[in-house]
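One structure is given here, and the rest of the page talks about it.
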Amino acid sequence: MSTASNGSAITIIGAGLVGSLLATLLAQRGFQVEVFERRPDPRVHGFLGGRSINLALAERGLHALQQAELAEQVLAGAVMMRGRMVHTDGAVNLQRYGRDDSEVIWSVSRGDLNMLLMDAAARAGATLHFGAALAEADFAQGTITLADAAGAVRTHHAGMLLGCDGAGSTLRAAMSREMDLRERVEPLGHGYKELEIPPGKDTPFAIEPHALHIWPRGHYMCIALPNAQGNFTVTLFLPNTAPHPSFATLEDVDAARKFFEEQFPDALTLMPAFDEDWCAHPVGQLATLYLDHWHLDGRALLLGDAAHAIVPFHGQGMNAGFEDAAELANLLQAQPDAPAAVFKTFQDARKPNTDAIAAMALENYIEMRDGVADPHYLLKREVTAALTRRLPAHFMSRYRMVSFTHLPYAYCLQRGRAQDALLESLLAGKSRIEEVDIEAAVVRVRADLPPLPL
């Protein structure tokens, strides 16, 4: 791998997933990288919770990990998920994500992955500092002030300053005091609570391990993602307030248990520690973050959740952040002495795409909690599969474009909407695939849609 010749100094705020991968990629390219993380070192003190335990790794994230030569190591501890296992009225149905097992996503442990990436950053030559919270940033002087848990402070000359400190970014707050970033936070109005299905008594997994399980119920849902240890992380997504049911109406664990007995009885039977989990885990909140400005000329730049946090319903938050890290590392390698130009190029290229995945993640929530059990949605899936078999160069589901290709998110959004409009016109008044003229549909697709730029 070629390296930067000048050994430019870079400071990264945040040693989470994106910060640690970015530190690895930059150190591998010859930059002097220092990373400051407010938490204690999880490799010494254990990984502290508070964020979703499981994450979905797809092609975009894998591609970034491959650039850091880490993909094989990560996949060794991941669990393959072929599709959505939909639970309705006691029945289950697997809806594949892709054509076959060449198109799958992977369930990974946030804590294990974070610690693996921290190790990789240190091996690459980055210096990681823990228990070092950003207290102030003096952008004119190019310095930052860091505070430890006891309140002791020190000053650090930052050089190039990169913010990877998440949706509640302290660096973003400091930048906003210097310049109006045009920040907007749009709450979803729904929260989440995490529970657990432990390993089975006679088998490692109590339910099918190679799927993301969904219990869709219209305005709310439960999902379960497998862990390599044999357990599943279960997440209930529910409105915060009205309509009923909501977290506000589940006033105590007895009300929550009754709710699960009525709505998710098959899941509840798999959760012997339901009462303890319900009481121990707080309700998390969901929102989308938008910024019009991600950088202060060449002094500081935000990326990952610090710049564009999204709701989790497309499984792309980490993948988008990893895509950020890989693109920024390549741009800085090409122009190490022109941070202002690099930061502008980076924002101009990435913001339309992160806005697009934010929109698709919101749309996917409706699909997951309601659409996956809807007859019209299922009919569209059948026609999509038929057109994909006949015209693989012209027709691909939006989910496949997002999860299994490197097509820009903005293109996936636009193309997906064009395809959906075509499907709706083909299916007008039809309720069964036997009523659809697939040959005529093939002619329409060829006429209306250009080949995919794969």
### Query
In the stretch 290-310, what count of residues is obtained for those that are touching a Leu at 6+ places or on another chain (Cβ under 9 Å), closer than 26 Å to residue 364 by Cβ and surrounded by 17 or more Cβ atoms within 10 Å (Cβ to Cβ)?
11
### Query
Within the stretch 379-400, how many residues turn out to be without any contact (Cβ under 8 Å) to a residue 40 or more places away in the chain and crowded, with 16+ Cβ neighbours inside 10 Å?
3
#### Entry: Residue in the stretch 63-105 that is surrounded by the fewest Cβ atoms within 10 Å (Cβ to Cβ), counting only those that are free of Cβ contacts under 8 Å to residues at least 24 places away in the same chain and under 13 Å from residue 403 (Cα atoms)
102
### Extreme residue, nearest to the chain's Cα centre (by Cα), among residues of the stretch 201-226 that are without any contact (Cβ under 8 Å) to a residue 60 or more places away in the chain and farther than 23 Å from residue 279 by Cα
205
### Task
Starting from residues that are part of a helix (DSSP H, G or I) and small (Gly, Ala, Ser), keep the ones in the stretch 417-441 and report whichever is farthest from residue 377 (Cα to Cα).
440
### Query
Taking only pairs six or more apart or across chains, which ones have beta-carbon atoms under 7 Å, a first residue in the stretch 418-436 that is not assigned by TED's automatic domain parsing to the domain that holds residue 399, and a second residue that is in a loop (DSSP other than H, G, I, E, B)?
none
### Message
If a residue must be free of Cβ contacts under 8 Å to residues at least 40 places away in the same chain and among the aliphatic types (A, V, I, L, M), how many such residues does the stretch 347-378 contain?
### Response
3
### Query
Is it the case that the stretch 184-193 has a residue that's under 25 Å from the mean Cα position of the chain (by Cα), more than 19 Å from residue 313 (Cα to Cα) and at pLDDT 95 or above?
yes
### Message
Could you tell me how many of the residues in the stretch 12-22 are outside any helix (DSSP H, G or I), over 15 Å from residue 148 (Cα atoms) and not aliphatic (A, V, I, L, M)?
### Response
1
### Task
Please verify whether the stretch 237-254 includes one or more residues that are closer than 28 Å to residue 167 by Cα and within 20 Å of the chain's Cα centre (by Cα).
yes
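The values are calculated or read from the model by the stated rules, or taken from the named source; none is laboratory data. Here the structure is a predicted model, which is why all the values come from computation and not from measurement. Positions of Cβ are backbone-derived with ideal geometry, glycine not excepted, and every protein chain shown enters the neighbour counts.
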